[in-house]
Amino acid sequence: MQESIAGYCLVGIVHPMVYPEVVKGDGGALESLSRIAADPFFSAVEVTRMKGAKVRAEAARMLATAGMDVIFAGQPVLLGEGLSLCELDEGKRGKAVEACKEMIEEAYELGASILVVVSGPDPGESARRRATEVLTDSLKQLCAYSQEKTEERMLAISLENFDRDVDKRCLIGPTKEGAAIADAIRGEYSNFGLTIDVSHQPLLRESVDEMVLAAVDHLVHVHVGNCVVSDSSHPAYGDQHPRFGLPGGAIGVEELKRFLEALIYGGYFKRNTPTTMPVVSFEVRPREGESPELVIANAKRALTQAWARL
C-alpha cells in the first residue's frame, strides 16, 4: 500500500498489556503512559483502571495534550477479578455490572470513547442459552448507564470475543455469536459495538474472513497481536499476546497483512466509529527478559511491513 496507514486508521496500543506492571492500577502508570503519548506513531491508547482521581486527571490532561484518542480496557479488571457479565447468580452478576459502571465513570474522566468488556466464562452447552440472555441484559444495562452519564459525546460499550475452549474459555466465543448479541442490542442502544482481535482468530478456529465478515456490521474497534495455538507445551501457549514473529507463534507479518486486507475489503476503515477514526491497536506483552520498548518496536515494524505489502 503506497498510502500511509494514517489515512485509514489510528494506530493504538494497549498500555496495561505492554506495561503489565500497571494492570492493577496501583500506581506508576503515568510515566510509561507518557512515553506512549510522546510517540507520534500512536494516535490512540487503551488504558485501564487508574486509582486516584488526581492520577486520572493528570492522565486525561496528558492524553488530551498529545491529541490521542482514548479507549478504556475493561477486560483486565473483569478477567483479573473473576467478574462475569454472563454469571447466572444474580448477586455475582450484579457485582460485575457495578464494576463496569465504575469503569464507565472513569472512562468519562479520561476522555475515552469506548469501554471494552468481555462476556465472562462459558458455563457449558446446557446453560449457554440462558447465559447469553443474561449477558445481553448486562450489556443493555451498561449502554443505558453510559447514555445517562452524558448529553454530549457518548461512551460506547464494546464486547470483545475470546476463545471458548483453549485459554480464556469465554461464553463469547464465536464471532457470529457476538454479532447476534450486537443485533439484539443495537435495536435499542446505538452505543454498542464489537471488538475483534486477530490473535484470537486461530484460537477460535475461524478464518480471518469469517471473523471480519461476521463482525463488520457492528465493528467499532480492532486489536492485532500474536498467539501460540499449535503446541500446548509452548511457554506462550494460549492467549498470551507474545511479540510478532515469536517462534511457534501463529501471527506474523503475512498473517497481519491478510487481516488488514480483510478489514479493507470488509469496509472497516470506512465505518463511522466512536473514535475519531477507526482504531487498530497493538495488544502485545513482553515475555520474561524482553523490554516493552523492544516489543513495541517489533510491533511497529510488523505493521509497517504488513501495510507495505498490501
- prompt: How many residues are surrounded by fewer than 23 Cβ atoms within 10 Å (Cβ to Cβ) and within 21 Å of Gly80 (Cβ to Cβ) when one looks only at segment 174-204?
  reply: 1
- request: Answer with yes or no whether Val222 is part of a strand (DSSP E or B), in contact (Cβ under 8 Å) with a residue 40 or more places away in the chain and hydrophobic (A, V, I, L, M, F, W, C).
  value: yes
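Any chance you could count how many residues in segment 245-272 are among the β-branched types (Val, Ile, Thr) and either under 28 Å from Leu115 (Cβ atoms) or surrounded by fewer than 17 Cβ atoms within 10 Å (Cβ to Cβ) (or both)?
Taking segment 245-272 and keeping what is among the β-branched types (Val, Ile, Thr), we get 251, 253, 264.
Still in the running and either under 28 Å from Leu115 (Cβ atoms) or surrounded by fewer than 17 Cβ atoms within 10 Å (Cβ to Cβ) (or both): 251, 264.
Result for segment 245-272: 2.
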field: Residues located in segment 202-217, provided they are under 14 Å from Lys257 (Cα atoms) and assigned to a helix (DSSP H, G or I)
entry: Val208, Asp209, Val212
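Listed residues Ser199, Ser281; which is assigned to a helix (DSSP H, G or I), closer than 26 Å to Pro121 by Cβ and touching a residue at least 60 places away in the same chain (Cβ under 8 Å)? Talk me through it step by step, then tell me what you get.
Numbers: Ser281 fails: assigned to a helix (DSSP H, G or I).
Result: Ser199 is the single residue among Ser199, Ser281 that is assigned to a helix (DSSP H, G or I), closer than 26 Å to Pro121 by Cβ and touching a residue at least 60 places away in the same chain (Cβ under 8 Å).
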- prompt: Only one of these conditions is not met by Ala59: (1) in contact (Cβ under 8 Å) with a residue 12 or more places away in the chain; (2) assigned to a helix (DSSP H, G or I); (3) surrounded by fewer than 17 Cβ atoms within 10 Å (Cβ to Cβ). Which number is it?
  reply: (3)
task: List the number of the failed condition for Ser190; all other conditions in (1) among the polar types (S, T, N, Q); (2) outside any loop (DSSP other than H, G, I, E, B); (3) more than 18 Å from Val279 (Cβ to Cβ) hold.
output: (2)
- prompt: Can you name the residue in segment 11-36 that is charged (D, E, K, R) and farther than 11 Å from Ile296 by Cβ and is also surrounded by the fewest Cβ atoms within 10 Å (Cβ to Cβ) among such residues?
  reply: Glu31
message: Among the residues of segment 85-134, what is the count of those that are at positive phi and in a strand (DSSP E or B)?
response: 0
message: I need the full set of residues from segment 222-244 which are more than 24 Å from Tyr268 (Cβ to Cβ) and either touching a Phe, Trp or Tyr at 6+ places or on another chain (Cβ under 6 Å) or surrounded by fewer than 21 Cβ atoms within 10 Å (Cβ to Cβ) (or both), in order please.
response: Val228, Ser230, Asp231, Ser232, Ser233, His234, Pro235, Ala236, Tyr237, Gly238, Gln240
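FYI, it's all coordinate maths here, none of it is from the lab. Worth saying up front: this structure is predicted, and the values here are computed from it rather than measured. Glycine also receives a Cβ, built like all others from the backbone with ideal geometry; neighbour counts cover every protein chain displayed.
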